There are 2 protein chains.
Amino acid sequence: MSLITRSYRLRVYPNGAQRRLLDRWFGATRWLWNTALEIRSEAYRMSRPRLSEIISVLLIVAAVLLSAAACGAAPAPIAIVIHGGAGVIEPAKMSPAREASYRAGLAAALDAGYDVLERGGTSLDAVTAAVRLMEDDPQFNAGRGAVLNHDGDAELDAAIMDGAGPRAGAVAAVLHVKNPIELARLVMDKSPHVLLVAGGAEDFALEQGMALVPRDYFRTAAREHELEEARGVEAARAAGTPTTRAAAASGENRMGTVGAVALDRAGNLAAATSTGGLTNKHRGRVGDTPLIGAGTYANNESCAVSGTGQGEYYIRQVVAYDVCALVLYRHLTLLQAVHEVVQVKLRRTGGEGGVIALDRAGNIAMDFNSVGMFRGARDSHGRRQIAMYRDDAHH
Amino acid sequence: MSLITRSYRLRVYPNGAQRRLLDRWFGATRWLWNTALEIRSEAYRMSRPRLSEIISVLLIVAAVLLSAAACGAAPAPIAIVIHGGAGVIEPAKMSPAREASYRAGLAAALDAGYDVLERGGTSLDAVTAAVRLMEDDPQFNAGRGAVLNHDGDAELDAAIMDGAGPRAGAVAAVLHVKNPIELARLVMDKSPHVLLVAGGAEDFALEQGMALVPRDYFRTAAREHELEEARGVEAARAAGTPTTRAAAASGENRMGTVGAVALDRAGNLAAATSTGGLTNKHRGRVGDTPLIGAGTYANNESCAVSGTGQGEYYIRQVVAYDVCALVLYRHLTLLQAVHEVVQVKLRRTGGEGGVIALDRAGNIAMDFNSVGMFRGARDSHGRRQIAMYRDDAHH
């Protein structure tokens, strides 16, 4: 299996002509400032304080106007990146109708998040909007379409992190929460805690006025079928019957998760991830998704990351924070850091999956060592991309 | 408040005279090897293969014997470090009897873990033994002495990590498990998962043949009194009545946790942490303790860390892994890395607490930015220390 890295890089800085113009602006601004300060001190020396004040104020006003113009010429970049899970996603397993449906689901989430950013909203609101849409879309393994655990229940995990602060909120193993990402957000905003689990998290939801939903809300026919298949494989294994590799690895949502990272106009990063975990998982099993540093991390000092893959590997390798630590401590670029973690460190241990990441300059990384990853990216430089396969021609 | 860093450093290498001897040994070994190789190739050139083989084999045997002697002269270090929580621990708040009792509890756990190492046991068994003893000791906030949540229940979290692998297991929000560290170990050894929570974790305990205990096992009079105090403070706050700082910060176990890190003869690191969390915490609240990378982390490539403090800060700052990332990526010494995280990064955000850490060379760090920290360290260089206060004279 050839695992060529596909990563993406954005030019977030202006092009050559704009840059020269900006340089001239900044040069002029600096000259005005320095001149203002010099004249001011000279006038003070000559005991002409009033004159000095007038001149310096005029020059400072000019400098400020020029700076503002320069900033206006290079608007801060905005960007959002999403994923809808990694796994055995390949053209041979996909009907045209299903492929179109996945692409439409990803596009809806991507555009919903981007709209928030474009209207001047926060990166937190953007990732919440994108993840909530994927939670409501039954084809993704989160919220409504979450896979079922061994007991036949959807057991949901989610986390959100604000790169400013940083602040974080997460919930794990909840059974009756329609949009776990919204509950994670409430934990961050309305509690002194970061992580609430199981019944305690649902108590908190009720305390915050959130309505719970019955467990049947999550039981889709597709997920019930997957659970039966997984139980069959498990029984066959227990009985020593050989199972086909295809059956064992069935379903492109085996490592499903949804997530988003975003950068807003104010330069703040945010990350959000939500999942139903693994089909047929043990009750109470929590993966990397709701664990800050494992499946979800954001810090304005380094980057924002959301992961999707075999959660246990992501937890042991502290994947999301590791990407940012490589950026912060080893001064790798975002793309190098993501490559190191996904293609070198995770592959060394056999950990399968991918991550999406974003930094404050608007650099975007979407990398995976699995067959495919549902993903999308959109930014203020006009990029808008939806992809599923390794070598995905659709842009 | 003067917050002087207290960190400890061990000389893990031999002293001057031993070092010179070792250097001579290694020098002689290297010379023998090189000579053996030269003679062998020379003899081959002269077409005397048999002679060359004899000579080179003799020299290689001598080299191997010398290496073995050199290794024997510098036995691999073993070490264990424990903590019993950080908080407002100061002589003024401590009666001589209570102080002696805490010191005895710490000493028992320290020596139990060290005995395992000395008998050639693994670091995993050593940290398990030390933590289990502190879980059974009602004066520490873990297991039997765990603080009570808002509902009056002890809700327990624990994690263990094996630096070889690395492998990890953890449980959170369990209500009926006498020794959560043993259940965390079972999750690591007997399940494909890393983290199990709440009822699902207890189901797993039963599946593994572990007996559960009734909730009353954890309800000690001291903890019930603390919970009533905390509820009183909460009610007073809600009513707008000013509370004294002392009452609000009452109890030296406010940030209680127990933990251990160890290095065994084979050079493997391990870390374990166990806690009842915060008095009067919301049901389902999970702190840093069971989260790999936050409160517990071990990797033979870098270090082993166990934290104790305000869990939410430790989660957001991925404290345990951050120490190791600073060692691995910024090449700080263990002491520098711990100082950077505890005295710089945690203090910057207001996060109170401490960490213990250990590396493969046997370097020991015990650092905290709180008033005090229950702690102990013992190693094969003859160090054996129990301490509680910042400036603790007892060795």
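With every protein chain left in place, what is the accessible area per residue of segment A:114-211 in square angstrom, probe 1.4 Å? Don't skip to the answer; put the middle values down first.
Working: 2790 Å² over 98 residues.
Accessible area per residue, segment A:114-211: 28 Å².
Determine the shielding of peptide B:323-329 by partner chains: average, over its residues, the number of Cβ atoms on other chains within 10 angstrom of each Cβ. Spell out each step's value before the answer.
Values: counts 0, 2, 9, 3, 1, 5, 9.
Averaged over the peptide's residues, the number is 4.
Give A:K178/B:K345; A:K281/A:K345; B:K93/B:K281 a once-over and call out the pairs whose C-alpha atoms are over 27 Å from each other. Walk me through the numbers on the way to the answer.
Values: A:K178/B:K345 37 Å; A:K281/A:K345 25 Å; B:K93/B:K281 24 Å.
In this structure, A:K178/B:K345 exceed 27 Å between Cα atoms.
Distances from B:D151 to the same residue in each other copy, label points 7 Å out along Cα→Cβ, in nm, shortest first?
Label point to label point, same position, other copies: 1.4 nm.
Expressed as a whole number of Å, what is the distance separating the alpha-carbon centroids of segment A:274-323 and segment B:339-371?
25 Å
Keeping all protein chains in place and using 1.4 angstrom, which order do B:K345, B:K178 fall into by accessible surface area, from largest down? Mind dumping the intermediate values first?
Details: B:K345 35, B:K178 80 Å².
Putting B:K345, B:K178 in descending order of accessible area: B:K178, B:K345.
Of A:E99, A:E118, which has the most accessible area with a 1.4 Å probe, and how do the rest follow in descending order?
Final ranking, largest accessible area leading: A:E118, A:E99.
When Cβ neighbours within 10 Å are restricted to other protein chains, what is their mean count per residue of peptide A:166-176? Don't jump to the answer; show the numbers that get you there.
On the way: counts 3, 2, 3, 0, 3, 2, 7, 10, 1, 0, 0.
Mean number of neighbouring Cβ atoms from other chains: 3.
Could you order peptides A:158-165, B:226-233 by the average number of other Cβ atoms within 10 Å of their residues, highest first?
Output ranking for A:158-165, B:226-233: A:158-165, B:226-233.
Mind checking how much accessible area A and B bury in total, 1.4 Å probe, in Å² rounded to 100? Walk me through the numbers on the way to the answer.
Numbers: alone 17230 and 17220 Å², together 31150 Å².
Adding both sides of the contact gives about 3300 Å².
Ignore the peptide's own chain and count Cβ atoms of other chains within 10 Å of each Cβ in A:201-207; give me the average, rounded. List each step's numbers first, then the result.
Details: counts 8, 2, 5, 4, 0, 0, 1.
Whole-number average of other-chain Cβ neighbours for A:201-207 is 3.
Within the accessible area of segment A:109-265, what % is carbon and sulfur when the probe is 1.4 Å and the other protein chains stay in place? If you can, show how the numbers build up before the last one.
On the way: 2910 of 5690 Å².
With neighbouring chains kept in place, the figure for segment A:109-265 is 51 percent.
Assume the label is 7 Å from Cα along Cα to beta carbon: what separations in nm does B:Y217 have to the matching positions in the other copies?
Result for B:Y217, in nm, nearest copy first: 3.6.
Using a basic spin-label model with each label point 7 Å from the Cα along Cα→Cβ, how many nm lie between A:T349 and B:D216?
So the two model labels end up 4.3 nm from each other.
Which of rounded, prolate or oblate describes segment B:73-176 when judged by the alpha-carbon gyration tensor and an a/c cut-off of 1.5? Intermediate results must be reported in sequence, preceding the final value.
On the way: a/c = 2.54, a/b = 1.27, b/c = 1.99.
Since a/c reaches 1.5 but b/c is at least a/b, the shape of segment B:73-176 is classed as oblate.
If packing is taken as the mean number of other Cβ atoms within 10 Å per residue, what is the order of B:132-138, B:88-94, highest first?
On the way: B:132-138: 23.1, B:88-94: 15.1.
My ranking of the peptides, most packed first, is B:132-138, B:88-94.
With every protein chain kept in place and ligands, DNA and RNA left out, what is the accessible area per residue of segment A:324-367? Probe 1.4 Å, answer in Å².
32 Å²
Can you tell me how segment B:246-386 classifies by the Cα gyration tensor, rounded, prolate or oblate, using a/c under 1.5 as the rounded cut?
Working: a/c = 1.70, a/b = 1.50, b/c = 1.13.
Verdict is prolate for segment B:246-386.
Copy-to-copy spacing for B:P96, label 7 Å out on the Cα-to-C-beta vector, in nm, shortest first?
Ordered by increasing distance: 9.1 nm.
Which order do you get for B:H339, B:H331 if you rank them by accessible area with a 1.4 Å probe, largest at the top? Numbers along the way, then the final one.
Details: B:H339 70, B:H331 145 Å².
Result, largest first: B:H331, B:H339.
Whose amide H sits under 5 Å from the amide H of A:I364, counting only residues 5 or more places off or on another chain, with H placed in the peptide plane?
Result for A:I364 returns A:L10.
The values are calculated or read from the model by the stated rules, or taken from the named source; none is laboratory data. Since we're looking at a predicted model, the values are computed, not measured. Note that we place each Cβ from the backbone using ideal geometry, even for glycine, and neighbour counts take in every protein chain shown. Side chains are part of the model used for accessible areas, which takes the heavy atoms of the whole protein and leaves out ligands, DNA and RNA. Shrake-Rupley method; radii C 1.70, N 1.55, O 1.52, S 1.80 Å.
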